[in-house]
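A short write-up of the structure that comes next.
The values are calculated or read from the model by the stated rules, or taken from the named source; none is laboratory data. For clarity, every value in this text was computed on a predicted model and none was experimentally measured. Cβ placement follows ideal geometry from the backbone for every residue including glycine, while neighbour counts extend to all protein chains displayed.
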Amino acid sequence: MSIRIEQVSYTYNIGMPTEKQALKNISLDIEKGEFLGLIGHTGSGKSTLVQHLNGLIKPSSGKIYIDDVDIHSKEISLKTVRQKVGMVFQYPEHQLFGETVYEDVAFGPRNLGVSEEEVEQRVREGLAKVDLDYQQLKDRSPFELSGGQKRRVAIAGVLAMKPEILILDEPTAGLDPRGRDEILDQISRIHQAEKTTVILVTHSMEDIARLATKLVVMEQGSIVLVGTPNEVFEQADYLEQIGLGVPQVTKLLRTLQAKGCAVRPDLFTLEDAEEEIVRLLETKKNGYA
C-alpha cells in the first residue's frame, strides 16, 4: 500500500492570533513495504504530517492519496482508511482504558465487526508480535503492568487491526534503553516478516540509522532532505547546521578522517564502523597507511 502526498500545506488556528503554518507545500512518495524514518526538531512538522496520513487532520491545501485514492474524496470513508493506516501516538499507554489486557487489545477488532472468534485470534497475534504472553496477561489490568509492557499492549491494540501501514510517533519516548531496544526490534521484525509499510518518527539518529530504508528530514514545516541513510548522513555538515547532527559512529569516523585516517565517513551503524576501523588498523599494521 503506497502513499502519495501532493503539495500539502496545513495552518493551525487560521484567523486567530495563534495562527501558525505547520506544513509548507509538502510532496512525498512512500512506497509499499518501505521503512521510512521521519526526523526533525520538535515543531518541525513531523507529527502534523503523519496525522494527515490517516485523516486525523485534513490539509489546508493539497492531497493525500493511499493507493492512488484521495482519502478525503466523498466516496471514501475515513473509518476504512484508519483500518488500513494504524497510528501509534507518543505515550500510547495513556490511551489504555480496558479493564483487562484482552479487552483493551480487542477494542479495535470488535469495532471492525469481526466475529468474536476472530477477535480472540487477533488479540493473540497482536500480543505475540510484541512478545507478550497471552495466557499470562489476558486477564490482568493493563494498569498493573510495567511502563514497557503498557507501551507494548497499546501497540498490540493497533496491530490487532492488521493495518497495512503502521505509523509510530516517538514510540520509545520515556523508556529505558532496554525497553527502547525491545520495541524497536519488534517493529523491525514486523516490517521484515509482514512487509508492512512503517513510518517511524524519532529524534534518535542511532535508532533510525539502523532501521530505516529511507529518511526524510523536516525543518520548519518543510522537507529539506530525502534519501537513503547513507545519502542523508553524507550531508553531516548540513544536519549539524540545522541542529540535528549524525549518529555517534558517523561523527567518530568523520573525526578520524579529519585527522588523516583513510576511513569512510558515510557509515552509520556500529557494525560497519567496527569493520572500517579494523580494516584501517590492518592496513596500518601491514605498512600501507
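Cβ-Cβ under 7 Å, sequence separation 6+ or interchain: first residue in segment 44-60 and basic (Lys, Arg), partner surrounded by fewer than 19 Cβ atoms within 10 Å (Cβ to Cβ). Which pairs?
Close Cβ pairs (under 7 Å, with a partner that is surrounded by fewer than 19 Cβ atoms within 10 Å (Cβ to Cβ)) amount to LYS58/HIS72.
Where in segment 1-108 are there strands (runs of 3 or more DSSP E), lying fully within it, with 1 or more residues that are more than 19 Å from VAL201 (Cα to Cα)?
Fully inside segment 1-108 and qualifying: 3-12, 20-30, 61-66.
Tell me which residues, restricted to segment 162-182, are in contact with a strand residue (DSSP E or B) (Cβ under 9 Å, 6 or more places away or on another chain) and surrounded by 20 or more Cβ atoms within 10 Å (Cβ to Cβ).
If the condition is that a residue be in contact with a strand residue (DSSP E or B) (Cβ under 9 Å, 6 or more places away or on another chain) and surrounded by 20 or more Cβ atoms within 10 Å (Cβ to Cβ), then PRO163, ILE165, LEU166, ILE167, LEU168, ASP169, PRO171 are the ones that fit.
Of all residues in segment 146-162 being more than 18 Å from the chain's Cα centre (by Cα) and in a helix (DSSP H, G or I), which is modelled with the lowest pLDDT?
Among them, the one singled out is GLY147.
Given the condition among the hydroxyl-bearing types (Ser, Thr, Tyr) and either modelled with pLDDT of 95 or more or closer than 21 Å to LYS32 by Cβ (or both), answer yes or no: does some residue in segment 178-192 qualify?
yes
What are the pairs, 6+ residues apart or on separate chains, where a residue within segment 1-20 that is within 15 Å of SER47 (Cβ to Cβ) and free of Cβ contacts under 8 Å to residues at least 40 places away in the same chain has its Cβ under 6 Å from a residue that is among the hydrophobic types (A, V, I, L, M, F, W, C) and assigned to a strand (DSSP E or B)?
Pairs found: TYR12/ALA22.
Could you say which residue among ILE26, ILE30, ILE57 is closer than 20 Å to LYS214 by Cβ and in contact with a helix residue (DSSP H, G or I) (Cβ under 8 Å, 6 or more places away or on another chain)?
Going through ILE26, ILE30, ILE57 in turn, just one is closer than 20 Å to LYS214 by Cβ and in contact with a helix residue (DSSP H, G or I) (Cβ under 8 Å, 6 or more places away or on another chain): ILE26.
If the requirement is being touching an Asp or Glu at 6+ places or on another chain (Cβ under 9 Å), farther than 21 Å from SER44 by Cα and not β-branched (Val, Ile, Thr), which of these qualifies: LEU267, LEU225?
LEU267
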